[in-house]
Amino acid sequence: MVPEDLREIAAAEQEANKQYEHTVHVCVAAGCLSLQSDKVKTALEAQVKEQGKEDCCKVRGVGCMGLCSAGPLVKVGPDPVMYRDVTPEDAPEIVQNLGKDPVKRLMCPSDLPFFSRQVKVVLENCGEIDPERIEDYIAAGGYSALLKALTEMTPPEVIDELTKSGIRGRGGAGFPTGIKWSTVAKSGGDQKYVICNADEGDPGAFMDRSVLESDPHRVLEGMALGAYAVGANQGYLYVRAEYPLAIKRLRTAIRQAERQGLLGSNICGTQFSFHVDIRLGAGAFVCGEETALIASIEGKRGTPRPRPPFPAVSGLWGCPTLINNVETFANIAPIVRRGGEWYAGIGTEKSKGTKVFALAGRVENTGLIEVPMGMSLRDIVYDIGGGIPEGKQYKAVQTGGPSGGCIPADQLDMSVDYESLFKAGSIMGSGGMIVMDETSCMVDVARFFMEFCMSESCGKCIPCRVGTAQMHDLLEAITLGQATEETIPMLQELCDLVKATSLCGLGQTSPNPVYSTLRYFKDEYMAHVLEGKCPAGVCDTKGAKEAAA
Amino acid sequence: MRRHGHKSHALIETLHTVQESFGYLDEDALRYVSACLRVPLSKAYGVATFYHFFSLKPQGKHTCVVCMGTACYIKGAPQIIAGLDAMAQVKPGETTEDGVLSVLTARCLGSCGLAPAAVLDGEVLGKMSPADILDRVKEMAYNGS
């Protein structure tokens, strides 16, 4: 494969697409699939055949279109019309009306802020291409960044582009990716590895799953670019076993890329070789921590170890290892293709580019969104998210999963970037964004996350193993109305201790949900403690009276 | 089936394959795997118990996995758990006495857009109220087959 071959495939594919006057895209990512979009697709295909429109209409299964709450989604082209909540029975009508007036009853207005306010970089192909065909990806410009790098750029030039782009790790901590890559590149040793962290453990986050299901080749291309830049020849994709569809599509994608000579030995006739293998996670949140993830790939229990040495110096089997999250790798190809300066033009001064969020919880439009860094939280919740359903009151947005915090109503106008979120006592995290209304009790939410940390603590270091259990017990006592006034200072002290002395990120950040709820919703804690009642009516505080009696 | 080169780092991959084939990991399977890969049995057992995905007990005829992710939690997952307990006297992680239904919880299914979500015998149920989900479970486990 040389650049000309790639262009040929792309041209042939585009030519083939031109013969179709109409396109019908059906979402076949996990969200819509669980609402039987596969049956919708079969019905549409059957209708196209029955009505003799095979020559002018192409039905295509595509990745996530974002608005999961309105699924199954179907998009009809060339003038894009989006249909929502489509059932197989709607198929005849949809096919009949191709090129005529769209079916009003099913229409989802395409000028919704949900669509118009997004800026798509990572998700640019989601909903446009068939994730199970490499030709579709190539026709959309795929793998051209890899070939460009291999034929025109030296590895340091690739890293330079990244540094210029200002991209920071999308896994949550926000470490500058350019620095990470150059550290690995500078580390000595013949054997280096690239690892893609697809162990998306945060409850409430499903960005990585959607990217892997909708555009798997983009992640592989990013990994290959990483391998070229740092001098690695072997990569591992560490995926949760809970995502069977993503695993299946990744396997297909790896096979296709190998067959085209875009992965494997001597890629495109150059000296560069890169093999990718998939490793399955087995349901351990702590394996999102990089050293624990490496232990897990080595076949051990996923327990973290102290850093330094960082994986960039000594990682998998003691070799320098580049480890990035799915979304980070998904950003690489566009940066190399379009240049670092283009990317640096999006976002805020310190947080560049876009961020994919999984919007969920008590909000009208749930689903996957991608927005430029620096958009205000209010715009995300009310404009894109469509506000809170059933006329309820907004209470908080939870970001960053069990390591993050809650942002109350009076901070809705803050800009969403790494620094502002940190200042507000939360973190960017991997991108879960859960909206809560008045029916959620914040003490109960804190207890929920602490229970999570408690059961996910790997048990290696004591502050985390014992501390999370004790904090959970205290929080539970509060929710049961059995706490006294001394409980809250005690809880606070314990939080400080666990934060300061835990070994890895899981323990160090586990008090965050408590900190932020105590900071913004102390009145709710006090109501539980002093009056023995739960303002949101979630907690069962009957125990309070019994304890007092 | 065990073509991972019989190296010790293939332990997790191998356990996945075993669980996929037999539904759970019993002592014989663990002994066999650890002997094949030359991993101490204690280490194999340690790995099998460390990861939530592996199960050391056989499952019931039907399984219902309830998502307890944040989004599902605030949209009613606890009611599903309570409802299952009331209906079949089964708590998360347990199987009913007659071996018909196992109830498990998941940290997050990644279907938060559809909260509350549950997986019944491999089929994801989304956008349903807790009561709907309970009806489906009832139908499948006690009337269907």
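The values are calculated or read from the model by the stated rules, or taken from the named source; none is laboratory data. Values in this document were obtained by computation on a predicted structure and should not be read as measured data. Here the Cβ is made from the backbone with ideal geometry for all residues, glycine too, and neighbour counts use every protein chain on show.
Some values worked out for this structure:
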| read-out | value |
| --- | --- |
| Residue list for region A:486-524, filter: surrounded by 23 or more Cβ atoms within 10 Å (Cβ to Cβ) and small (Gly, Ala, Ser) | A:Ser502, A:Gly507, A:Ser510, A:Ser516 |
| Scope region A:2-36; condition among the polar types (S, T, N, Q) and touching a residue at least 40 places away in the same chain (Cβ under 8 Å); matching residues | A:Gln14, A:Asn17, A:Thr23, A:Gln36 |
| Enumeration of residues in region A:394-425 that are over 22 Å from A:Ala198 (Cα atoms) and of a type in the set (Ser, Thr, Tyr) | A:Tyr394, A:Ser415, A:Ser420 |
| Filter result for the condition that a residue is at the interface with another protein chain (Cβ under 9 Å from one of its Cβ atoms), among the small types (Gly, Ala, Ser) and more than 12 Å from the chain's Cα centre (by Cα), over B:Ala77, B:Ala71, B:Ala35 | B:Ala71 |
| Condition check for B:Ile74: more than 21 Å from A:Cys287 (Cα to Cα), in contact with a strand residue (DSSP E or B) (Cβ under 9 Å, 6 or more places away or on another chain) and surrounded by 21 or more Cβ atoms within 10 Å (Cβ to Cβ) | yes |
| Extreme residue, farthest from the other protein chains (Cβ to nearest Cβ), among residues of region A:173-198 that are outside any strand (DSSP E or B) and among the hydrophobic types (A, V, I, L, M, F, W, C) | A:Ile179 |
| A:Gly374 vs. criteria within 25 Å of B:Gly110 (Cβ to Cβ), away from chain B (no Cβ under 14 Å), at pLDDT below 95 and touching a strand residue (DSSP E or B) at 6+ places or on another chain (Cβ under 9 Å) | no |
| Residue count for region A:422-443, restricted to those that are surrounded by fewer than 24 Cβ atoms within 10 Å (Cβ to Cβ) and not in a loop (DSSP other than H, G, I, E, B) | 3 |
| Matching helices (runs of 4 or more DSSP H) fully within region A:199-273 where at least 3 residues are touching a residue at least 24 places away in the same chain (Cβ under 8 Å), within 25 Å of A:Gly429 (Cβ to Cβ) and more than 14 Å from chain B (Cβ to nearest Cβ) | A:216-230 |
| One residue from B:Gly113, B:Gly99 being over 28 Å from A:Gly432 (Cα atoms) and out of contact with any Phe, Trp or Tyr (no Cβ under 7 Å at 6 or more places or on another chain) | B:Gly99 |
| Residue within region A:182-201 that is crowded, with 20+ Cβ neighbours inside 10 Å, modelled with pLDDT of 90 or more, hydrophobic (A, V, I, L, M, F, W, C) and under 12 Å from the mean Cα position of the chain (by Cα) present | yes |
| Residue in region B:108-129 that is nearest to the other protein chains (Cβ to nearest Cβ), counting only those that are buried (at least 21 other Cβ atoms within 10 Å of the Cβ), touching a Pro at 6+ places or on another chain (Cβ under 9 Å) and not hydrophobic (A, V, I, L, M, F, W, C) | B:Gly126 |
| Total residues in region B:49-89, condition part of a loop (DSSP other than H, G, I, E, B) and farther than 22 Å from B:Ala115 by Cβ | 10 |
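Residue by residue, here is whether (1) at negative phi; (2) within 14 Å of chain B (Cβ to nearest Cβ); (3) modelled with pLDDT of 90 or more holds:
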{"site": "A:Gly401", "(1), (2), (3)": "no, yes, no"}
{"site": "A:Gly405", "(1), (2), (3)": "yes, yes, yes"}
{"site": "A:Asp410", "(1), (2), (3)": "yes, no, yes"}
{"site": "A:Met414", "(1), (2), (3)": "yes, no, yes"}
{"site": "A:Tyr418", "(1), (2), (3)": "yes, no, yes"}
{"site": "A:Leu421", "(1), (2), (3)": "yes, no, yes"}
{"site": "A:Arg447", "(1), (2), (3)": "yes, yes, yes"}
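A quick yes/no check of all residues on (1) small (Gly, Ala, Ser); (2) buried (at least 24 other Cβ atoms within 10 Å of the Cβ); (3) touching a Phe, Trp or Tyr at 6+ places or on another chain (Cβ under 6 Å):
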residue: A:Ser210; (1), (2), (3): yes, yes, no
residue: A:Leu225; (1), (2), (3): no, yes, no
residue: A:Arg255; (1), (2), (3): no, no, no
residue: A:Arg259; (1), (2), (3): no, no, no
